[in-house]
Amino acid sequence: MSPACIQSSCNLLASCFVVLFLVLLQTKIATSALIMSMRNHHNHHQHRMPMLQANQSSCAMFVGTWVRDESYPLYQSSNCPTIIDAQFNCQMYGRPDSDYLKYRWQPLNCELPRFNGLEFLRNMKGKSMMGLPFSIFKFLDYDVSISYYKAPYLVDIDLVQGKRVLKLEEISGNANAWRNADVLVFDTGHWWNHQGSLQGWDYMESGGTYYQDMDRMVALERGLRTWANWVDSNIDTARTRVFFQSISPTHYIPSEWSAGTTMATTTNCYGETAPISGMTYPGAYPDQMRVVDAVIRDMHHPPYLLDITMLSELRKDAHPSIYSGDLSPQQRADPVGSADCSHWCLPGLPDTWNQLFYAALFFQL
């Protein structure tokens, strides 16, 4: 393989991670899972610092600030036309500013290793990222494959008399694909809040009773506890490393980050071009993350929490807004009603999530 092709593979590797919300990794790494020490969180209207690993004595990876770095972005969207979905390719779809690409996450008291695609491939040589694939990427020179297993609720969805039933206490349908993995990375979030045509189920089933709806945080907790019980009962943490990526925030309420200043000039993330300064987000802490905190705290073998919530809350500038290939010209002309302030531009913030995962997987920070 030529140097240019090797570099291209690295760029593709960096990109492919950021489009995956649930990544299942099958490796032969002997290191046991890092265990999280859960700190008590504050009440709904207060802020708390991200959770820290129990064995992390010197590096608080998830506490810090965003700093400008002219060496960023780590890759160009034009180099990854088949990897980056149109929904996230903000530069291709007309975003006029580019400063949002130039920010690097700086932890409070340490330096993160820069993501290195070749080193990742070398460390993963001969390994596969397992699961029935929704998408799959193969790096033939390294015998590495990366599969995305789509299970947005983690628990099972079954068809019952033509209706989609979200089974809050059943997970075996999905978990059978995870059982033999050596590294597992889980994630869930926005799908639990979707309504109408975006809702992924017709009924919920819990304790033998069918519900057309219920409090979404109650449903999330029941589903997560089903997942947590499966992990505790089926995963040997001496062999398998388990990660959970925390809730990805949204930015639809400008008053959350403009409080105490003049009236907000926008009604969502549209027009935002810079991160929030400082280490904490002025708005409310996501209710979903409080559920995640509570469930993981009760686990016998808690996963390593990739706590990207607070650092992502600071990036009000990093969403596609109207610069998405999923929007029609008419929708792009209506930022008030159409701006996407829940997903993220690529290159962009999710590359930092990958860097943090890379550091947690291969380095003892």
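The values are calculated or read from the model by the stated rules, or taken from the named source; none is laboratory data. The shown structure was predicted, so the numbers you read here are calculated from the model rather than taken from an experiment. Note that each Cβ is placed from the backbone with ideal geometry, even for glycine, and that neighbours are counted across all protein chains shown. Please note that ligands, DNA and RNA were not included when accessible areas were found on the heavy atoms of the full protein model with its side chains. Shrake-Rupley method; radii C 1.70, N 1.55, O 1.52, S 1.80 Å.
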Breaking point among (1) touching a Leu at 6+ places or on another chain (Cβ under 9 Å); (2) on the phi > 0 side of the Ramachandran plot, for residue 277: (2)
Residue among 332, 297 that is closer than 23 Å to residue 85 by Cα, open to solvent by 40 Å² or more (accessible area, probe 1.4 Å) and out of contact with any helix residue (DSSP H, G or I) (no Cβ under 6 Å at 6 or more places or on another chain): 332
Which numbered condition residue 263 misses (of (1) surrounded by 15 or more Cβ atoms within 10 Å (Cβ to Cβ); (2) modelled with pLDDT under 95): (1)
Residues of region 238-250 satisfying the condition of being assigned to a strand (DSSP E or B), modelled with pLDDT of 95 or more and open to solvent by less than 10 Å² (accessible area, probe 1.4 Å): 244
Among the residues listed as 192, 178, the single one being within 22 Å of residue 305 (Cα to Cα), modelled with pLDDT of 95 or more and either surrounded by 18 or more Cβ atoms within 10 Å (Cβ to Cβ) or of a type outside the set (S, T, N, Q) (or both): 192
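Within the bounds of region 214-237, is there any residue that is assigned to a loop (DSSP other than H, G, I, E, B) and at pLDDT 95 or above?
Within region 214-237, the subset assigned to a loop (DSSP other than H, G, I, E, B) is 214-215, 235-237.
So of that shortlist, the ones also at pLDDT 95 or above come out as 214-215.
Looking for residues that are assigned to a loop (DSSP other than H, G, I, E, B) and at pLDDT 95 or above, one finds at least one in region 214-237, hence yes.
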